[in-house]
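The structure appears below as structure tokens.
The values are calculated or read from the model by the stated rules, or taken from the named source; none is laboratory data. Here the structure is a predicted model, which is why all the values come from computation and not from measurement. In this analysis, Cβ positions are derived from the backbone assuming ideal geometry, glycine residues included, and neighbour counts consider all displayed protein chains. Areas reflect the complete protein model, heavy atoms only, side chains present, ligands, DNA and RNA absent. Shrake-Rupley method; radii C 1.70, N 1.55, O 1.52, S 1.80 Å.
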Amino acid sequence: MGAVLLGLLSAVGYGFGDFFGASSAKRAPAISVGLVAAGVGLTIGFVAALVVPGNPIGTDLLWGSVAGISGVIGIVVVFWAMAIGPMRVVAPLAAVVGAVVPFVVGLAIGERPGRVATVGAFLAIVALPLITREHHHDDEPVTTQAVYGGIVAGLGFAGFFIAIDRVSEASGLWPLVAARLITTLILAGIVLGSSLPAMPLTARRLAVGAGIFDMGANIAFLLALRTGLLSLVAVLSSLYPIITIALARSVYHEAIGRTQASGIAIALAGTALIAAG
């Protein structure tokens, strides 16, 4: 499969993963949800790494660890933010930030996607205030914490994308194993040092689903980077709000304000232009 198809496949995985994770975080602490998801992802990643040929060096595992540290911030914060705020706002906000930052970094390291992609990045940035403008809904208010959470989560995802792009092609999937191992250890340490309530069965099942889809998306993303540009693959992966919002509307009947709908449309159009460029 080509980089575009793999990038879009990763977007589907991230969309389902975020929805399951956020749904679980409505029933249990986000840290606990993140730990279960990370543990599941670590198991899947390890098995997949044994199947896919790879011979990583120390630098590959180091970059994988950096990606894991950044990714754990993104995962936990986005689950928490979508649990306290509507998914229709948090998901696109995190996606736009997670797309624009790698795009800029890609340009800085010499990538030249073209003029169309530059226009797309501009549209994505302009969409940010529109997405966060409407702060009052009768069904579910948009809190300041949720907005900031979306931005921080996006930065965490951007850091993951940038770091995992630095690994060598010969490393196989082992950098993802290193990333998930670091994530699991960090979250396990936090959970063990806290007095968190036990997770209900439904929350655990949803967290397992989140871990499965998230690791699947990470694998597709890394494989896409082997033949595509960071700036474009990161944006394709950031189209995941289409899935998350569709699921949120179907399951939770979340409404979308006109201004926010315009912002989401512009953000997604911007990311599509970046991918097309």
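Picking from residues in the stretch 224-242 that are open to solvent by 20 Å² or more (accessible area, probe 1.4 Å) and not in a helix (DSSP H, G or I), the one that is farthest from GLU169 (Cα to Cα) is LEU239.
How do the pairs read when you match residues in the stretch 187-201 that are under 17 Å from ALA38 (Cα atoms) with residues anywhere that are open to solvent by 70 Å² or more (accessible area, probe 1.4 Å) and assigned to a loop (DSSP other than H, G, I, E, B), using Cβ under 8 Å and keeping only pairs 6 or more apart or on different chains? That search, which allows pairs on different chains as well, returns MET199/ARG27. Contact annotation: residue pairs with Cβ atoms under 6 Å, 6 or more positions apart or on different chains, pairing a residue in the stretch 95-114 that is open to solvent by 30 Å² or more (accessible area, probe 1.4 Å) with a partner that is at pLDDT 90 or above, are VAL101/ALA158; VAL105/ILE162.
If a residue counts only when it is within 18 Å of the chain's Cα centre (by Cα) and at pLDDT below 90, which helices (runs of 4 or more DSSP H) contained entirely in the stretch 95-210 have at least 2 such residues? Steps first, please.
On the way: elements: 115-131, 144-164, 174-192.
Counting at least 2 such residues, we get 115-131, 144-164.
Taken together, the residues in the stretch 151-189 that are within 14 Å of ASP60 (Cα to Cα) and among the polar types (S, T, N, Q) amount to 2.
Do the conditions hold for GLY21, that is, is it more than 13 Å from the chain's Cα centre (by Cα) and either in a helix (DSSP H, G or I) or in contact (Cβ under 8 Å) with a residue 12 or more places away in the chain (or both)?
Values: more than 13 Å from the chain's Cα centre (by Cα): no; either in a helix (DSSP H, G or I) or in contact (Cβ under 8 Å) with a residue 12 or more places away in the chain (or both): yes.
Spelling it out, it is not the case that GLY21 is more than 13 Å from the chain's Cα centre (by Cα) and either in a helix (DSSP H, G or I) or in contact (Cβ under 8 Å) with a residue 12 or more places away in the chain (or both).
So ARG226 clears everything in (1) under 30 Å from LEU107 (Cβ atoms); (2) at pLDDT 95 or above except one condition, right? Which one? That leaves (2) as the condition not met.
For (1) closer than 26 Å to GLU169 by Cβ; (2) at pLDDT 95 or above; (3) in contact with a helix residue (DSSP H, G or I) (Cβ under 8 Å, 6 or more places away or on another chain); (4) of a type in the set (Gly, Ala, Ser), each residue gets a yes or a no:
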{"site": "LEU8", "(1), (2), (3), (4)": "yes, no, yes, no"}
{"site": "ALA25", "(1), (2), (3), (4)": "no, no, yes, yes"}
{"site": "PRO29", "(1), (2), (3), (4)": "no, no, no, no"}
{"site": "VAL52", "(1), (2), (3), (4)": "yes, no, no, no"}
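GLY15 meets each of the listed conditions (1) open to solvent by 50 Å² or more (accessible area, probe 1.4 Å); (2) closer than 26 Å to LEU236 by Cα; (3) outside any loop (DSSP other than H, G, I, E, B) apart from (1).
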